[in-house]
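*Asks:* Here you go, one structure.
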Ligand SMILES: Cc1ncc(COP(=O)(O)O)c(C=O)c1O
């Protein structure tokens, strides 16, 4: 049988190539490799294609890590780290400000597997030392925290954990591998939902787990291989494309975020603006010390007399800010959140905003018409 016709092999495109494939074929049996570490050879699509590995190498370089594993979503990346570090009888520490599904994963699946999950105050800093036990397997950080935006003293937590031989993992999605240098601050494992800033256009779900050293590489790599974290090469190619504009998008998002947050701070209906670059945000001084910039997402607490119905009318009145979960894309988003007991506020007064690439003046006009339109109680 004649071999299937093929075009010339040499094609050097500026755009990232998409290599799909499960089976990798070998010329000779002697060439067969099952080295999951993928140091030099391909084995099976699950463990890497040129596209998925290129993304891993780029994120590794961005994070300045030892290796980066690409996962099918941010939540999958988070689950991978817990699976890698926890056994029945392990104790793990997670901040109360953690991303909701991380808390659920820990409180439900991990607890069910016999892991002792303890929640801690995100502003605890070096005080974490008093919570570390001989059985502590991992300290989880997320900075700033989801929705309530507490900036954590990661270096102080790392110092306390390291002195007791305990690994620290960080959900570093807010920083996009750019605004906070996780490894320079001593973290062992840095997780990022590539879904947000790296993807940047709300059309993919991907995650990354970057590790600082050989020990973390061995721990996460073993779990990665065993749980079969298959990632779509098409999505990886979109993430590679997103990386090409990450810097300019982050710069623009920071400027817009600050302009909108500062305007909101002056508005009479807004009690507090939880933006890491503004002094009202818990841990603002840590942000000023450790971060090189701020991102697109922040929250506001509305005045005391706002009811749930009034908050809903305000959110519904927004036109440019679309109602939806997530952040980091080109479009501005808004969501009211039921997680504010940490701030001592009623749930109906906490609203998270994510600014996109629209004109800042248009976003401010949108907020003005929605806030002023519902500024009087009905
Ligand atoms: C802080 C944080 N970490 C992780 C995730 C999960 O990412 P994904 O949606 O890719 O699973 C999210 C998603 O909203 C998030 O906000």
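*Asks:* Just one of the numbered conditions (1) within 19 Å of the chain's Cα centre (by Cα); (2) away from the ligand (no atom under 16 Å from the Cβ); (3) free of Cβ contacts under 8 Å to residues at least 12 places away in the same chain is not true of residue 104; which one?
*Replies:* (2)
*Asks:* Still on this structure, I have one more. Of all residues in the stretch 283-292, count the ones that are crowded, with 22+ Cβ neighbours inside 10 Å and more than 16 Å from the ligand (Cβ to nearest atom).
*Replies:* 1
*Asks:* Can you run down the residue pairs with Cβ atoms below 6 Å, 6 or more apart or on separate chains, where the first is in the stretch 135-154 and under 16 Å from residue 78 (Cα atoms) and the partner is part of a strand (DSSP E or B) and within 11 Å of the ligand (Cβ to nearest atom)?
*Replies:* If the second residue must be part of a strand (DSSP E or B) and within 11 Å of the ligand (Cβ to nearest atom), the pairs left are 141/170; 142/171.
*Asks:* Ok, one more. So residue 38 clears everything in (1) closer than 24 Å to residue 199 by Cβ; (2) assigned by TED's automatic domain parsing to the domain that holds residue 127; (3) surrounded by 15 or more Cβ atoms within 10 Å (Cβ to Cβ); (4) at pLDDT 90 or above except one condition, right? Which one?
*Replies:* Residue 38 satisfies all of (1) closer than 24 Å to residue 199 by Cβ; (2) assigned by TED's automatic domain parsing to the domain that holds residue 127; (3) surrounded by 15 or more Cβ atoms within 10 Å (Cβ to Cβ); (4) at pLDDT 90 or above except (4).
*Asks:* Which one of the conditions (1) in a loop (DSSP other than H, G, I, E, B); (2) away from the ligand (no atom under 13 Å from the Cβ); (3) surrounded by 22 or more Cβ atoms within 10 Å (Cβ to Cβ); (4) within 17 Å of the chain's Cα centre (by Cα) does residue 295 fail to meet, given that it meets all the rest?
*Replies:* (2)
*Asks:* Assigned by TED's automatic domain parsing to the domain that holds residue 238 and either in contact with a helix residue (DSSP H, G or I) (Cβ under 9 Å, 6 or more places away or on another chain) or within 11 Å of the ligand (Cβ to nearest atom) (or both): which single residue out of 58, 87 fits that description? Let's see the steps before the verdict.
*Replies:* Details: 87 fails: either in contact with a helix residue (DSSP H, G or I) (Cβ under 9 Å, 6 or more places away or on another chain) or within 11 Å of the ligand (Cβ to nearest atom) (or both).
Just a single option satisfies the conditions, and that option is 58.
*Asks:* Can you tell me which residues in the stretch 298-324 are over 13 Å from residue 353 (Cβ atoms) and surrounded by fewer than 19 Cβ atoms within 10 Å (Cβ to Cβ)?
*Replies:* Of everything in the stretch 298-324, those that are over 13 Å from residue 353 (Cβ atoms) and surrounded by fewer than 19 Cβ atoms within 10 Å (Cβ to Cβ) turn out to be 303, 304, 305, 307, 308, 309, 312, 313, 316, 317, 319.
*Asks:* Does the stretch 109-118 include one or more residues that are more than 20 Å from residue 215 (Cβ to Cβ), surrounded by fewer than 18 Cβ atoms within 10 Å (Cβ to Cβ), modelled with pLDDT of 95 or more and within 16 Å of the ligand (Cβ to nearest atom)?
*Replies:* yes
*Asks:* Give all pairs with beta carbons closer than 6 Å in which a residue from the stretch 64-78 that is near the ligand (Cβ under 7 Å from one of its atoms) meets a residue that is not in a strand (DSSP E or B); count only pairs at least 6 apart in sequence or on separate chains.
*Replies:* Close Cβ pairs satisfying both conditions: 73/205; 74/195; 75/101; 78/102.
The values are calculated or read from the model by the stated rules, or taken from the named source; none is laboratory data. Just so it is clear, the model here is predicted, and its values are computed rather than measured. In this analysis, Cβ positions are derived from the backbone assuming ideal geometry, glycine residues included, and neighbour counts consider all displayed protein chains.
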